[in-house]
Amino acid sequence: MKKANGHEIIQLFEKFAPKSLAMEGDKIGLQIGRLNQKVERVMIALDVLDSVIDEAIKKKVQLIIAHHPPIFRPLKNVITDTVQGQIIEKLLKHDIAVYAAHTNLDVAKGGVNDWLAEALGLEDAEVLVPTFDTKLKKLVVFVPVSHADELRHALGNAGAGFIGSYSHCSFTANGTGRFLPGEDTNPFIGKPGEPETVEEVRIETIVPEPILKKVITAMIKAHPYEEVAYDVYPLENKGEVLGLGRIGKIPEMTLEEFAKKVKVALEVDRVRVVGDMKARVKKAAVLGGDGNKYYSHAKFKGADVYVTGDIYYHTAHDAMMDGLNMIDPGHNVEKVMKKGLTKTLQTLCQEAGYEVEIFPSQIHTDPFQFI
């Protein structure tokens, strides 16, 4: 195990939730502090409030990864007798960096909306609001017959060859490779300065563009040749669709029964419900945060009930007239990201061999109370 700096940890995180997935104009990335320092403790938080910072100081944290950006609107100045200025000052004084992962973490596969869908028990869940089509590449590589199986295995393990629910997909054609090793080479087959002919196979596979570099690195590592011959082609095929929210099937029940399930699953004391409590529901949509403007997507895709936060009065009326039931458990249910991201980042750091402690904030940041 090795000590990691902030840059190394964030590089791992951004492979899971790349910045490119964020909605236009979203304020994500490093917002306060620096990453060029050793990081022994990382805290995952929903919000960066003064109480959360005190917790980070007490636990000797060097990096906070937060879902809600502490700086959402551009600052004209940092005045330390204001609340926001004091928060920034406290973080800088204690050398705590803050990295914001907002809509990119919402959209990411295995991110906030998948954690919410899992908590609600959605089956066969799919994206509610598509925002990102993954571009695909065709990778072609030539390798001796003796090493073909090993190379195909390495490509598949690196993430190449996924078509729907099938993995390690590839096509192989036999052929003859010819080359002339230079005098300063150390060829795996043949001798420097002598023409060589080798029975080779051409292996073709599909690779999502975001992991192309990773797959090529794995390919080169597994290939026996000193110089690897390969080609990369762009494809028109549609890749995996990512986006906001999820929609899926649930066991049929009444709206009231499902609302009670939402309370328990998302650990909230109260929910607001729009619709007939006796209505039967069997297809549900969920979108973390404020999902008002996306209720029509839920209706269009056949949802019986739409779970989202911050439902506006007039949106509720519109949904009622459209025959869509709604449940508002509040914006704070995105707190599922604390446990979810902690687990994911722990796994990524362990696989990378990084010695770092990662844990969720224990501070409750929902500003609302009910009486």
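Anyone know which of 186, 104, 325 comes out most mobile in the 10 Å Cα GNM of the chain? Result for the chain, Cα springs under 10 Å: 186 fluctuates most.
When only Cα pairs under 8 Å and 6 or more residues apart are kept, what is the percent relative contact order across region 242-332?
Numbers: 167 pairs, mean separation 29.7, N = 91.
In percent, rounded to a whole number, it is 33.
Shown for the chain: the carbon plus sulfur share of the solvent-accessible area, taken with all protein chains present and a 1.4 angstrom probe, equals 52%. The percentage of C-alpha pairs in region 127-168 whose separation is greater than 12 Å is 70%. Our estimate of slack between residue 253 and residue 174, defined as 0.36 nm per intervening residue step minus the Cα-Cα distance, is 22.7 nm. The largest accessible area among 359, 72 belongs to the first residue in 72, 359, and the rest follow in falling order (1.4 Å probe, all chains). Think of a 1.4 Å ball rolled over the protein heavy atoms: the chain then has 54 Å² of accessible area per residue. Across the chain, Cα pairs under 8 Å and at least six residues apart give a relative contact order of 21 percent. Each pair of Cα atoms in region 85-156 enters the Kirkwood radius, and Stokes-Einstein at 25 °C and 0.890 mPa s then converts it into a translational diffusion coefficient of 141 µm²/s.
For the chain, the longest principal axis of the alpha carbon atoms and the long axis of helix 336-352 meet at an angle near 20°. Compactness of region 1-134 is given as radius of gyration and Dmax, 16.1, 51 Å, from Cα positions. Mean residue ellipticity, 222 nm, helices only, the chain: the sum of -39500 (n - 2.57) across DSSP H runs of n ≥ 4, divided by residue count and rounded to 500, is -8500 deg cm²/dmol.
Out of 333, 281, 78, any idea which swings most in a Gaussian network model of the chain, alpha carbons joined below 10 Å? Taking springs between Cα atoms under 10 Å, the residue moving most is 78. FRET efficiency for the pair residue 300 and residue 165, taken as 1/(1 + (r/R0)^6) with r the Cβ-Cβ distance and R0 = 22 Å, rounds to 0.30. Once the Cα atoms are used to define both axes, helix 255-265 deviates from the longest principal axis of the chain by about 70 degrees. Among the listed pairs 3/76; 19/339; 27/261; 260/338, those whose Cα-Cα separation exceeds 27 Å are 3/76; 27/261. Tell me which label goes with the value of volume of the Cα convex hull per residue in Å³ computed from the coordinates here: (1) 180; (2) 148; (3) 169. Checked against the structure: label (1).
The values are calculated or read from the model by the stated rules, or taken from the named source; none is laboratory data. Just so we're clear, the structure is a prediction, and the values are computed from it rather than from any experiment. Neighbour counts are summed over all protein chains in view; Cβ atoms, including those assigned to glycine, are modelled from backbone coordinates with ideal geometry. Accessible surface areas use protein heavy atoms only, side chains included; no ligands, DNA or RNA. Shrake-Rupley method; radii C 1.70, N 1.55, O 1.52, S 1.80 Å.
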